[in-house]
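Following: one structure in structure tokens, then a few remarks.
The values are calculated or read from the model by the stated rules, or taken from the named source; none is laboratory data. This one's a predicted model, so the numbers in the text were calculated from it and none came from an experiment. FYI the Cβ positions are ideal-geometry reconstructions off the backbone, even for glycines, and counts take in every protein chain you see. Note: areas computed on protein heavy atoms with side chains; ligands, DNA, RNA excluded. Shrake-Rupley method; radii C 1.70, N 1.55, O 1.52, S 1.80 Å.
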Amino acid sequence: MSGLKPGPIPETRTTAPGYAYAVLRRVLRIAVYLYEMPQSHLPTALLTFALLLHPLPQRALAQAGPRQQTLLTGPGWQFTAASAPETLPALGTPEYTQAAWQPISLPHTFNSRASYDTPDQAWYRRDFTLPGPLHGKRLYLVFEGVTSVADVYVNGQHLGQHRGAFTRFVFDITGAVHTGPGNRLAVQVDDRVDDIKDLLPNKTRLYKLWGGIPRKVWLLATSPIAIDPTDFASPGVYITPSNVTAASAALSIEVLLRSTLPTAQGLSVTATLLDPAGKPVKTLTAKATISPRERASVILTGAIDHPQLWAPLAPQLYHVRVDVLSAGKLVDSITQPTGFRTVEFRWKDNEALVNGQRVRLYGANVHQDIEEKGGSLSDDELLESFTLMTDLGVNFMRLPHYPHLQLEYDQCDARGILCWPEDGHTNDELWGPTAQQIVTEMVKQNYNHPSLALWSAGNEAAPALSEAAEPVLRGLDPTRPIVVANMRCTTCDFRTANTYPGWYGGGKTGIRDYTPTGFITEIGAGGVVTTHTDYNQADYKVDSFEPEEYQQLVAENHFSKAFDPANAKLGMFLWWTLRDFSDVKYKKPVGINSKGLTTYAGDKKDVYYLYRSFLRPAEPTVHITSQRYFLRRGAVDNGIKVYSNAKSLTLTLNGQLVSTLANGLYTQPDGPYLAHNGKDATLPAPRVPNVFYWPVPLHTGKNTVVATDSLGHRDEATIYFYGPNGLPELAALNSPLKSLTSSNAANPAYLIDAPIHPQWPIYSDLDATADNSWNRLPAAIEGARWIALRRVTKTGQATTLSFTLAHSATVYVAETAAPDGPGPAWLTEAKFAAIGEPFLWRDNAIQLVPARLYTRKAAAGETISLKLGDQDAIVLVK
């Protein structure tokens, strides 16, 4: 493994010598003693030492202590990749040693949006040191997930293959490792379409499978007798509450044990139930004897009086700590979550009951990927989605379309969010041993989570596989219903609907003629934050023109009806999705599904605030919509729309009071979108709570808008207007520029005298032809003003920009360019110099691409001229 530096596993705390070392030391002492004694004493001595040796496994077991876990993620890894029809070199060959190895950090994916399908296979490797204190332990490698097929080698020994991208797997590596440095871990990853047809899921779908090792890897060390980690990589503990009421509940706990010792062992297994405050409230104990090198199951049962019930948004989360003792010594311990609750779905009545009370389930779907890293999320990045869910106030979330990370189920447990896990059947997968293995892994690994409301056997797919999976799911867990989304399954308990009125379907169902009913797992419409239109002119074309204002119309109709107390026919309502994600739709061929409540980067769209206003009526929301529509050229009275759950809102425009409106007066306007469904035009416009609208005319140039509720909660926005019939332009106060001109009449320039915003549009086109946008702002330009142009790299839009400074200032140019070098000649000639590190922003294909920032100081009265058009660029003044 040329080029790899041995890296120690982080320190693992233990003070006892290991079992193997203890045995060797004792045997050597006995051998020396026997060699030196008279032959006549040998028979007695042999018997005596045999008796002394017998308890050695027991003493080594006691010394070994409880399990220890050491993460192997982070830096210290190398990887090399290939794309079909190429193949990877075989382990140990010269080609393998001489491959182009790259240093990387796990989690890691070898795909990006710019490299969507290639590479599709890779080697990952690292060297590690095994600390001496781990001798005598049983050692396991645990992978939270490898996309999609993993062959694992330690010190050249093939430990096995795991098939399936989204479930954990484990290998016993005890016999393959040795003391000290020089242990070598190598993982061959295969994500080729032809090699993963038996997987759930495979690659024949719209969402992305991110090839690589996008989840954690760790080393697990246990005693030779331990709670079994090898039962489909489950915790080895299965907790089943039953007969749950406010007065009492029964509890059954199955503990799987594994012994690698050569002698039978007597054990004591204790399960301690800890209440939500961590206080022990119940202890169950059982005795067991485990045979040499065998597995055993121990079941403990009991009851608890007056359990604190787990409920949505009120999670009373219990834990069970299982301790395994041998001769009074603790040899293993594990803690698992549990909760006392009942969940019932009355499909025919459109009702969901939790603890006997009807609960309307509101929430969203969330894919497990983010823009900058695809599927290789850190814990903190993954938790961002849960922070958003908690802020929204959802009580249910669907985790499509594959088994998600344990951390996500843990968060649902702790935050009181019921959740929907899926097995990965989403298209044309076939039932077979691999599919059964993945279904089994999903259930066994996640069985204990009280937030899991059901098991999903498929989404928008053929029914045969779901019907084959159903008996497996029900056999593994008879306590939860089995469902499918938007497909048939004759043996499943019920099915939900994925429905998109006002979006897909060729206009069969429009916005107005739809009322949410039943159990809805997907609903929504696209909204691209760089695409905008006037409210009364909102229209759309799927995949090519998806303005936020049309997404607003869809959400306003659906939310108002879903939250209407008079609508008794709704049991579940889940928006698709929490955040945008990669698929092959908008900006084809490698695009984004834009139906998120937030952008791919997690920035909140307008509809996020509307949903929050309904989900959290007691938590004030005040949000001015269409703020990214920062430069408007349409109707002067397009007006101002605000989302709020306040009883009333007051609007001021440029410091002047417009009016105070009561909640509930807003009626959706007619518009061109009605033409998509003829019935819509004949139906009355819906009145929508939590929406306030003032058709107030705007001044030409800069307008400052402030919305305030009676308690002082407010939002403020700056909007520029340059359409016909604008009110007189207001005098500019302390403008940084004296003059501003563009040499191209088709590409006028406008000074936007307001701070630049991350995640906002760069250009003023806002018509789906210039979807360029900022990502995170370089620190140097935070608070800077900017000069808005159309996208200068579009045909006919190149221009020479000239301006004269009113005050001394720092001028910046941000440009898509190679990250190295002195910069373009036109910038160096204008005395601009590159500063800082390259950063990322989005091009017109909504791809993150590198850009550089250039700057120069300029004096008051100085005129600067810049020729723009070779690269996407923007000019800022600070």
- Query: Only one of these conditions is not met by residue 232: (1) touching a helix residue (DSSP H, G or I) at 6+ places or on another chain (Cβ under 9 Å); (2) of a type outside the set (Lys, Arg); (3) farther than 30 Å from residue 300 by Cβ; (4) open to solvent by 40 Å² or more (accessible area, probe 1.4 Å). Which number is it?
  - Reply: (3)
- Item | In region 70-85, residue surrounded by the fewest Cβ atoms within 10 Å (Cβ to Cβ) [restricted to those that are in contact (Cβ under 8 Å) with a residue 24 or more places away in the chain and closer than 16 Å to residue 122 by Cα] | 83
- Output for region 186-207, where each listed residue is under 16 Å from residue 120 (Cα atoms) and either in contact with a Lys or Arg (Cβ under 7 Å, 6 or more places away or on another chain) or in a strand (DSSP E or B) (or both): 187, 188, 189, 190, 193, 196, 199
- Could you grab me the full set of residues in region 303-333 that are on the phi > 0 side of the Ramachandran plot and either open to solvent by less than 50 Å² (accessible area, probe 1.4 Å) or not hydrophobic (A, V, I, L, M, F, W, C) (or both)? 306, 328
- Message: Just checking: which of the helices (runs of 4 or more DSSP H) contained wholly in region 366-461 hold 1 or more residues that are acidic (Asp, Glu) and either touching a helix residue (DSSP H, G or I) at 6+ places or on another chain (Cβ under 8 Å) or at positive phi (or both)?
- Response: 379-392, 406-415
- Query: Counting just the residues of region 65-89 that are more than 30 Å from residue 223 (Cβ to Cβ) and part of a loop (DSSP other than H, G, I, E, B), which one comes out nearest to the chain's Cα centre (by Cα)?
  - Reply: 83
- Query: Got at least one residue in region 162-185 being small (Gly, Ala, Ser), in a strand (DSSP E or B) and open to solvent by 20 Å² or more (accessible area, probe 1.4 Å)?
  - Reply: yes
- Query: Among the residues of region 557-579, which ones are open to solvent by 10 Å² or more (accessible area, probe 1.4 Å) and among the small types (Gly, Ala, Ser)?
  - Reply: 560, 566, 568
- Note on the structure: Screening 92, 136 for residues that are open to solvent by less than 30 Å² (accessible area, probe 1.4 Å) and part of a loop (DSSP other than H, G, I, E, B) leaves only 136
- Confirm whether residue 368 is of a type outside the set (A, V, I, L, M), touching a His at 6+ places or on another chain (Cβ under 6 Å) and under 18 Å from residue 107 (Cβ atoms). yes
- Message: Please verify whether residue 472 is over 16 Å from residue 494 (Cα atoms), of a type in the set (A, V, I, L, M, F, W, C), touching a Ser or Thr at 6+ places or on another chain (Cβ under 8 Å) and assigned to a helix (DSSP H, G or I), treating the condition exactly as stated.
- Response: yes
- Item | Positions within region 745-800 being open to solvent by 30 Å² or more (accessible area, probe 1.4 Å), under 23 Å from residue 586 (Cβ atoms) and part of a loop (DSSP other than H, G, I, E, B), in sequence order | 757, 758, 760, 769, 776, 790, 791, 793, 794, 795
- Determine, yes or no, whether residue 635 is free of Cβ contacts under 8 Å to residues at least 60 places away in the same chain, more than 30 Å from residue 712 (Cβ to Cβ) and not hydroxyl-bearing (Ser, Thr, Tyr). no
- Just a yes or no: is a residue in region 519-535 farther than 21 Å from residue 580 by Cα and of a type outside the set (Ser, Thr, Tyr)? yes
- Message: Take the conditions of a type outside the set (A, V, I, L, M, F, W, C), out of contact with any Ser or Thr (no Cβ under 9 Å at 6 or more places or on another chain) and open to solvent by 40 Å² or more (accessible area, probe 1.4 Å) and apply them to residue 372. Does it pass?
- Response: yes
- Which of the residues spanning region 104-130 are of a type in the set (D, E, K, R) and open to solvent by less than 30 Å² (accessible area, probe 1.4 Å)? 113, 120, 125, 126, 127
- If we keep only residues of region 549-578 that are out of contact with any helix residue (DSSP H, G or I) (no Cβ under 7 Å at 6 or more places or on another chain) and of a type in the set (Ser, Thr, Tyr), then the residue farthest from residue 604 (Cα to Cα) is 560
- Selection count where residues are open to solvent by 30 Å² or more (accessible area, probe 1.4 Å) and in contact (Cβ under 8 Å) with a residue 24 or more places away in the chain, scope region 716-733: 10
- May I ask you to say which residue of 479, 490 is within 25 Å of residue 205 (Cα to Cα) and outside any strand (DSSP E or B)? 490
- For region 319-342, which residues satisfy the criterion of being touching a Leu at 6+ places or on another chain (Cβ under 7 Å) and touching a residue at least 60 places away in the same chain (Cβ under 8 Å)? 320, 324, 326, 331, 337, 339, 340, 341
- Query: Can you tell me which residues in region 261-302 are open to solvent by less than 30 Å² (accessible area, probe 1.4 Å) and under 22 Å from residue 138 (Cα atoms)?
  - Reply: 261, 265, 267, 268, 269, 270, 288, 290, 296, 298
- Message: Residue pairs, Cβ under 9 Å, 6 or more apart or interchain, first in region 174-185 and farther than 22 Å from residue 260 by Cβ and touching a residue at least 24 places away in the same chain (Cβ under 8 Å), second of a type in the set (Lys, Arg) and part of a strand (DSSP E or B). List them.
- Response: 184/125; 184/126
- Query: Which is open to solvent by 10 Å² or more (accessible area, probe 1.4 Å) and farther than 30 Å from residue 440 by Cβ, of 381, 351, 344?
  - Reply: 351
- Residues of region 449-466 satisfying the condition of being open to solvent by 10 Å² or more (accessible area, probe 1.4 Å) and farther than 22 Å from residue 363 by Cα: 461, 462, 463, 464
- Item | Check on residue 477, open to solvent by 20 Å² or more (accessible area, probe 1.4 Å), within 21 Å of residue 341 (Cα to Cα) and not aromatic (Phe, Trp, Tyr) | no
- Message: Is it the case, given these coordinates, that residue 466 is within 25 Å of the chain's Cα centre (by Cα) and either in a loop (DSSP other than H, G, I, E, B) or at pLDDT 95 or above (or both)?
- Response: no
